[in-house]
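The values are calculated or read from the model by the stated rules, or taken from the named source; none is laboratory data. Everything quoted here is computed from the prediction, not taken from an experiment. Cβ atoms come from the backbone with ideal geometry, glycine included; neighbour counts cover every protein chain shown.
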Amino acid sequence: MSSSPEPELHKCREIAFCTLHPDKNQARTAMQLLEGLSDRLEVRYLSPSVIQVEYNILDTCLEHIEAYLGDAGLHLDNRLICRLKRSLYHYSEETQRAIHGCPKGASNCTDVIFVNQYRRRSHGCRDNRPSHWRHYR
């Protein structure tokens with residue numbers, strides 16, 4: 001048995017997508033979105049509706065990855081078994097992160113990766129006016 005806690009911090013999860021979405025290959029789209037986020041996040045394509053992600057829970061967690069994909073317009077598979085698995089993974093990862101000093105909502109966690117990626121994406125949520133003009137309507 002190893003004295004290092006690293007193996008318990010390394011997670012490998014599958015993310016399944018809804019097959020009724022207009023994008024019939026959501027897994028490929030998700031893979032493209034996640035590939036450039038971090039060198040510590042590995043993504044594998046398994047099928048048109050399933051990807052596999054590997055990450056360290058001190059860097060990120062499944063809940064954040066899924067939230068990022070949802071914000072990008074992808075729909076997760078919401079069958080009962082998938083929701084139960086996700087809930088169990090979210091709870092266990094949140095607990096492990098808290099034990100290792102990275103509680104939910106703490107600013108020392110590396111959620112910054114996803115925030116920076118969101119800022120770099122082009123979307124309609126930007127106000128290009130100078131800050132002193134934003135107060136006028």
Log entry, pairs with first residue in segment 94-107 being over 17 Å from E8 (Cβ atoms), second being modelled with pLDDT of 65 or more, beta carbons closer than 6 Å, six or more apart or on different chains, reads K104/E94
Flagged in segment 10-65 as of a type in the set (V, I, T) and in contact with a Gly (Cβ under 9 Å, 6 or more places away or on another chain), in numbering order, are T29
Point to revise | A67 under 20 Å from R86 (Cβ atoms), surrounded by fewer than 17 Cβ atoms within 10 Å (Cβ to Cβ) and aliphatic (A, V, I, L, M) | key: yes
S2 vs (1) of a type outside the set (A, V, I, L, M, F, W, C); (2) at pLDDT below 95; (3) surrounded by 14 or more Cβ atoms within 10 Å (Cβ to Cβ): all pass except (3)
Scanning segment 5-35 residue by residue, the ones that are assigned to a strand (DSSP E or B) and free of Cβ contacts under 8 Å to residues at least 60 places away in the same chain total 3
Test E54 against the criterion of being of a type in the set (D, E), closer than 18 Å to Y91 by Cβ and surrounded by 13 or more Cβ atoms within 10 Å (Cβ to Cβ), and give yes or no. no
Scanning segment 38-66 for residues that are touching a residue at least 40 places away in the same chain (Cβ under 8 Å) and in a helix (DSSP H, G or I), the one nearest to the chain's Cα centre (by Cα) turns out to be I65
task: Return yes or no: is R86 modelled with pLDDT under 95 and part of a helix (DSSP H, G or I)?
output: no
